[in-house]
Amino acid sequence: MVEPRILIIEHDNALRQTLYRGMLDLELFSDCASDAREAAGFLAERRYSIVILDVAVAGGPDGVIAAVQRIPNGERPIVLATVEPDNVGGVDAECVQVVIRRPLRVRDIAELARACVDASGRRRSKAVAHNDELRA
């Protein structure tokens, strides 16, 4: 089962902590990674609703995207990528659902994450109810 949890992958320590606190303000719990290798480890151990991916992260975004692609389709997180305005072309559009240009507004990102988690939970609840009806 996918937890309503977020993985924040950000190379800048201060911004990573600010994002973490911004998520907590909206009662969203997060794990934080500072590089692609650490993020891939988190993705192998736990399922996330959302991944916030800094495309400038050490090790590059490709390792993180590959780790996301190894997760079964129904359990894959929504991927929000943060990019410098001149680096939008470096984003894998197939795996990234939302691209957020820097500078970041933490409250806006937290509210977007909250909306994604809530929508994801409603979709899963409907799927469970539908499966229960089919079994009856």
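Among the residues of region 25-35, are any surrounded by fewer than 17 Cβ atoms within 10 Å (Cβ to Cβ), over 19 Å from ALA58 (Cα atoms) and among the aliphatic types (A, V, I, L, M)?
Applying the first criterion (surrounded by fewer than 17 Cβ atoms within 10 Å (Cβ to Cβ)) to region 25-35 yields 25-27, 29.
Add one more test, that the residue is over 19 Å from ALA58 (Cα atoms), and what stays is 25-27, 29.
Imposing the further condition that a residue be among the aliphatic types (A, V, I, L, M) reduces the set to 26.
The answer is yes, given that some residue of region 25-35 is surrounded by fewer than 17 Cβ atoms within 10 Å (Cβ to Cβ), over 19 Å from ALA58 (Cα atoms) and among the aliphatic types (A, V, I, L, M).
Kindly indicate the residue of region 89-100 that is among the hydrophobic types (A, V, I, L, M, F, W, C) and open to solvent by 60 Å² or more (accessible area, probe 1.4 Å) and also modelled with the lowest pLDDT among those meeting that condition. Even if it seems obvious, please write down each step before you answer.
Quick first cut of region 89-100, residues among the hydrophobic types (A, V, I, L, M, F, W, C) only: 91, 93, 95-96, 98-100.
Filter once more, keeping what is open to solvent by 60 Å² or more (accessible area, probe 1.4 Å): 93, 99.
Values: ALA93: 62, VAL99: 87.
Among those residues, the one meeting the criterion is ALA93.
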Quiz item: Which of (1) assigned to a loop (DSSP other than H, G, I, E, B); (2) open to solvent by less than 20 Å² (accessible area, probe 1.4 Å) is the odd one out, the single condition PRO103 does not satisfy?
Solution: (2)
Quiz item: Can you find a residue in region 10-22 that is in contact (Cβ under 8 Å) with a residue 60 or more places away in the chain, in contact with a Lys or Arg (Cβ under 6 Å, 6 or more places away or on another chain) and closer than 21 Å to LEU112 by Cβ?
Solution: yes
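The values are calculated or read from the model by the stated rules, or taken from the named source; none is laboratory data. These numbers come from a predicted model, not from an experiment. No Cβ is skipped: glycine too gets one built from the backbone with ideal geometry, and neighbour counts run over all protein chains shown. Ligands, DNA and RNA are excluded from the accessible area calculation, which covers all protein heavy atoms including side chains. Shrake-Rupley method; radii C 1.70, N 1.55, O 1.52, S 1.80 Å.
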